[in-house]
1. Calculate the FRET efficiency for A:ILE222 and A:LEU245 from the Cβ-Cβ distance with a Förster distance of 51 Å, rounded to the nearest 0.05.
2. Can you tally the lysine pairs in chain A where the Cα-Cα distance is under 19 Å and the two residues are eight or more apart, or on different chains?
3. Can you list the residues of segment B:31-49 with backbone N under 20 Å from a point 7 Å past the Cα of B:GLU87, pointing along Cα to Cβ?
4. On average, how much area does the Cα convex hull of segment A:180-252 cover when viewed from any direction, in nm²?
5. How do B:59-68, A:236-245 rank on mean C-beta neighbours within 10 Å, highest first?
6. Would you mind giving the mean number of other chain beta-carbons within 10 Å of the Cβ of each residue in A:40-52, as a whole number?
7. Kindly provide the helix-only [θ] at 222 nm of the protein assembly as shown, computed as the sum of -39,500 (n - 2.57) over DSSP H runs of four or more divided by all residues, to the nearest 500 deg cm²/dmol?
8. Go ahead and set up a Gaussian network model of chain A, Cα springs under 10 Å, then flag whichever of A:TYR14, A:TYR119, A:TYR227 fluctuates most.
Amino acid sequence: MSTLNNPHELIERYLQSVRFWLSMTNEKEGILAELSDDLRSQVEEKEVELGRALDNHEVADILKRCGAPMIVAGRLAPKRYLIGPTLFPIYLFVLKMVLLWIMVPVFVFIVGPATLGSYHGDWRTAFAVTLGNLWSGSFVAAGIITLAFAVIERTHTIAQVECKWDPMNMPPVRKYERKPSLLQTACELAFNFVGLIWLLLLPHNPFLILGPAASFLKAGPIWHTFYIPILALAVFGLLRSGMTLLRPQWTWWPALGQILHSVFVLTILKLILDAIGSTPDGMWQPFVVLRQTSVTAQSIRVSAIVNVSVLFALLGTWLGLCIAIPIHTWKLMRNIRLERSNGEHTAPVQAL
Amino acid sequence: MRLELRRGCLTLAVLTQLRTECYGYTLRKALADDGLEIDEGTLYPLLRRLETQGLLESQWREEEKRNKRFYKLSPDGDKILHQLLEEWERMNASLTKILQEA
């Protein structure tokens, strides 16, 4: 650090640092001149009080009391917003709309499938590429929106827009049904119970799923591996509905139970899809096979149709759940947020 | 909460003090002498805001070999100050009444 010739040089250095942190503004020189005068007046007053000139340390104490140059510059500079409080709620709304309701659907339903096609069905690479593009695309979209709103803020465009509204034209109050109705839960419980019984009867009564085709078709060996996990899934479904019925005060449970159920289904589907493609001879494991006594051209055709249909049904379910899980998670988060905000509103005023 | 209460009081105190012309440091000192300490980072932005709102007028003048910015209440500021002081007295009376009842 260079030596100080006199205490006033310390003030000059301080003002130089404040100048560095002050943003470009027409008032910059005025702000610095006022600050300079204030500091020098403080020094002079102290000198009159002591009857002598102040040394460097005493001047440094005055500057320390004033604050760090960066903080002082921040306090003295005119307040500016990239996006001000008037525009901010609109900005946030547009950002959410574009990112969640435009970008994500476009990438899931258009860009994703197109990428999958260009990578010849290599879904892992296609998924990674799509996710990467979604990530960078979201940043670009957010940047453009932020820039547009910053321009609107800077040019005061919003102040020129005449806000026309009529209380009579406002939409009716929406009723948020956060708790499922008793009837809905009871039906769900009954359906899950019937489903479980049906599943238990299935191994010895294949006509319950194959109908008349049960005379020449039977379940493939893959179902022997996955029968117990599917049974466990059905039991979980039953418990989930039972819990919703018995504990209606657990408002978070239906959404959380739905998420857990979906994740459970997704895991089993993944294992099934992996298992059907991993045979030693490279062939796909069939979901249904012909009984040895009924091999005809027609039964082979029916068997092929059933196998392809089951495969497509499983893939469709997989895709549906991939979309449903984030939606259920978002609903759960929204419910928790609403519960918390209701709790805050009903709690006694403690914030004061 | 304390800051909100202080912000309104400071504005009123600054406007009242500036019925007589003075520059930043003397204003700060006068307020401090009356028990209302205010730092540079709060006073100068407040003065500029009040000037932008047309409640104050300012003028750069040389005094004691230094350029100083002198502030005083504008005619509009004088009207507003009267209204604010009336409001303040009403609120003060109400608050005193509430406190006595409690």
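1. E(calc), rounded to 0.05, equals 0.90.
2. 5
3. B:46-49
4. Dividing the Cα hull surface by four gives the mean projection, 5.9 nm².
5. On the way: B:59-68: 11.5, A:236-245: 18.1.
Packing proxy ranking, top to bottom: A:236-245, B:59-68.
6. Details: counts 3, 9, 4, 0, 3, 2, 0, 0, 0, 0, 0, 0, 0.
Per residue, the average neighbour count from other chains is 2.
7. -22500 deg cm²/dmol
8. For chain A, modelled as a Gaussian network with Cα springs under 10 Å, the answer is A:TYR14.
Read-outs throughout are calculated quantities, based only on the coordinates presented, and are distinct from any laboratory measurement. Everything numeric in this text was worked out from a predicted model, so none of it was measured. No Cβ is skipped: glycine too gets one built from the backbone with ideal geometry, and neighbour counts run over all protein chains shown.
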